[in-house]
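> Pasting a structure below so you can have a look.
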Amino acid sequence: MSKPLLEINNLRIRFTRDGKILTPVRSVSLRVSDGERVAIVGESGCGKSLTAMSITRLSPTDMAMVDGEILWRGQPLLGISQRELQKIRGRQISYVFQDPTASLNPVMRVYRQVTETMQGVDKAEKIRHTADILAKVGLPDPMRAALAYPCELSGGQQQRVMMSMALAANPELLVADEPTTALDVTTQKQVLDLMDRLADERGMALLLITHNLGLVAGRMERVYVMYAGEIVESGPVSEVLTSPRHPYTRGLLAAVPLLDAPPDRPLQDIPGTVPSPDAWPEGCVFAPRCPYADDHCRQCHPELRCGNNRECRCHKEIF
């Protein structure tokens, strides 16, 4: 069996705050194969973005204690120098983040940001190169966009600029961290469709970070559901969406709005909030919000059990 493109085993991320050690990510394992589309799903505060940032030690994980194993084509990434990680970032692994306005430099024209790593190339060639890339990501009037400042572009156009920057080096893996959160519904679909098309054309793997299970249906192949710093369920998307085994997954699915729902139907939610890393419950971390929890759930932390290409961390789950 060939090695996965990306493999994370027993990842733990710890920070020191006010003399205390907090562990927002604990014992996370996942895999992404060549050309595979994988999603990590969960509410804000579950540790999804920290897990993604730790792959190449992006801030704030560069200031954290990171334990476990992160392998890129079988080679360890933990412990290598920032210089080596910098070579991997962009060339083999690229990121697209949820807020392009925070990632783009507001005082630099777009072409300068897209071609920042191009040395010994004149301005005219940089502009032409940028316009070509922007055309491939579907930006209208790419020459005008190449000469524009970020503030002169809409949110959807800025996100396409971010994607063009991420894809400029033909990476093997694109990590998309909530790439559509700040966009309207129509633009969300356009950006997701664009990611799908580019992944198909380039044979590129995708790791999508999102809080919305509805976005992974029909797009991703495998999903990892994350809650309070750990994986609580994983499996093929089609199976997880049709037969969720963890109460948290069921809650996330129930919260997805349905187009055919009656207009007076109230939106569903999961009561309560994700606990802080300094207040993890003693037993199952989801027990305080779970409608099925009993004393055993509240006292004993469940192990992640595997069976039939599925994983689930629940005392009551039966494979």
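Just so it is clear, none of the values below were taken in a lab; they were calculated from the coordinates. Since the structure is predicted, the reported quantities are computational estimates derived from the model, not experimental observations. Virtual Cβ from ideal backbone geometry, glycine too; neighbours counted across all protein chains shown.
> Would you calculate the convex hull of the Cα atoms in the stretch 153-308 and tell me its volume per residue in Å³? Walk me through the numbers on the way to the answer.
Values: hull volume 25.1 nm³, N = 156.
So the per-residue Cα hull volume is 161 Å³.
> Considering the chain, what Rg and Dmax in Å follow from its alpha-carbon atoms?
In order Rg, Dmax, the Cα atoms of the chain give 20.6, 69 Å.
> Just check the stretch 9-94 against the gyration tensor rule for me: Cα atoms, a ≥ b ≥ c as the square roots of the eigenvalues, rounded for a/c under 1.5, and otherwise prolate or oblate depending on whether a/b exceeds b/c.
Judged from the Cα gyration tensor, the stretch 9-94 comes out oblate (a/c at least 1.5, b/c at or above a/b).
> Just from its helices, what would the mean residue ellipticity at 222 nm be for the chain, if runs of 4 or more DSSP H residues each count -39500 (n - 2.57) and the sum is divided by every residue, rounded to the nearest 500 deg cm²/dmol?
Numbers: 11 runs with 96 residues, N = 319.
So the helix-based figure for the chain works out to -8500 deg cm²/dmol.
> A further question follows. Could you tell me how many cubic angstrom of Cα convex hull volume the stretch 103-170 has per residue? If you can, show how the numbers build up before the last one.
Working: hull volume 5.3 nm³, N = 68.
Roughly 78 Å³ of hull volume per residue.
> Quickly work out the residue 116-to-residue 282 label distance, labels modelled 7 Å from Cα along the C-beta direction, and quote it in nm with one decimal.
4.9 nm
> Counting Lys and Arg as +1 and Asp and Glu as -1, what is the net charge of the other residues whose Cβ lies under 15 Å from the Cβ of residue 215?
Values: positive: 37, 48, 189, 219, 222; negative: 43, 177, 178, 184, 193, 196, 221.
The answer is -2.
> Compute the helix-to-body angle for 82-91: its Cα long axis versus the longest principal axis of the chain, expressed 0 to 90° and rounded to tens.
Roughly 70 degrees between the two axes.
> Right, here's the next one. Excluding same-chain pairs closer than 8 in sequence, count the lysine pairs in the chain whose Cα atoms lie under 28 Å apart.
The result is 12.
> So for each of 106-113, 229-236, 243-250 I average, over its residues, the number of other beta carbons within 10 Å; can you give me the resulting order with the highest mean first? Before the final figure, lay out each step's value.
On the way: 106-113: 16.9, 229-236: 23.9, 243-250: 21.2.
Order by mean packing, descending: 229-236, 243-250, 106-113.
> Same structure again: Can you tell me which of 217-226, 299-308 comes out highest on packing, and rank the rest after it, using the mean Cβ neighbours within 10 Å? Mind dumping the intermediate values first?
Numbers: 217-226: 20.5, 299-308: 13.5.
Answer by packing, highest mean first, reads 217-226, 299-308.
> Among 192-202, 134-144, how do they line up from the highest to the lowest mean number of other beta-carbon atoms within 10 Å?
Ranked from most to least packed, the peptides come out as 134-144, 192-202.
> Only sites in a loop by DSSP and with at most 14 other Cβ atoms within 10 Å count here; which trypsin sites (Lys or Arg not before Pro) in the stretch 1-79 make the cut?
73
> Apply the Kirkwood formula to the stretch 28-73: the hydrodynamic radius equals the inverse of the mean of 1/r over all pairs of different alpha-carbon atoms; give it in Å with one decimal.
Working: mean 1/r = 0.0839 Å⁻¹.
Computed over the stretch 28-73, the radius equals 11.9 Å.
> For residue 170 and residue 34, compute 0.36 nm times the residue count separating them, minus their Cα-Cα distance, and round to one decimal in nm.
Values: separation 136, 0.36 × 136 = 48.96 nm, distance 1.37 nm.
Net length gain for the segment: 47.6 nm.
> Given a cut-off of under 8 Å on Cα pairs at least six residues apart, what relative contact order in percent is computed for the stretch 61-197?
Relative CO of the stretch 61-197 lands at 32 percent.
> Continuing with this model, one more query. Using a cut-off of 14 Å between beta-carbons, work out the net charge of the residues near residue 20 (Lys and Arg +1, Asp and Glu -1, residue 20 not included). Working shown, then result.
On the way: positive: 14, 17; negative: 18, 278.
Cβ neighbours under 14 Å give a net charge of 0.
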